[in-house]
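Down below is the structure, laid out as structure tokens.
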Amino acid sequence: MPTPRGNAASTALDNKIYVIGGWTTQDSAVVETYDPSTNSWSTKASMPTPRNGLAAAVVNGKIYAIGGWSGTATTNAVEVYDPVSNTWSSAAPLPVATVGLGA
């Protein structure tokens, strides 16, 4: 993986593995994909809210980055990645800030 990190979220979409956010020496917004068919990594648009301990899930062809730890606090942020346009948008926040969750 190009960017070593812990506490990242991961999910699969369109035969690629997405690794999102995590912790390096600080919260990360990095998004990288692994394509097993070419055995290669590529970098995608960074997540708007750098964080670690988040969850990721795919719904209707889009990736949802949910909750996590951002800066000095747990966050309720939910952001949506569109792989077709390589862009992020905000979604309704979680009712309660959450870290270390699964989706």
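Averaging Cα coordinates gives a centre for region 44-79 and one for region 4-34; these two points are 10 Å apart. Here the accessible area is traced with a 1.4 Å probe on the protein chains. For the chain, carbon and sulfur cover 53 percent of it.
Here the contact order of the chain, divided by its residue count and restricted to Cα pairs under 8 Å and six or more residues apart, works out to 21 percent. Across q = 0.10, 0.17, 0.20 Å⁻¹, region 5-103 modelled as identical point scatterers on its alpha-carbon atoms has Debye log10 I(q)/I(0) values of -0.23, -0.66, -0.92, in the order of the q list.
Accessible area per residue of the chain at 1.4 Å probe, in Å²?
The answer is 52 Å² per residue.
The values are calculated or read from the model by the stated rules, or taken from the named source; none is laboratory data. In this text, all values refer to a predicted model and were calculated from it rather than measured experimentally. Just so you know, the surface numbers come from the protein's heavy atoms only, side chains and all, with ligands and any DNA or RNA stripped out. Shrake-Rupley method; radii C 1.70, N 1.55, O 1.52, S 1.80 Å.
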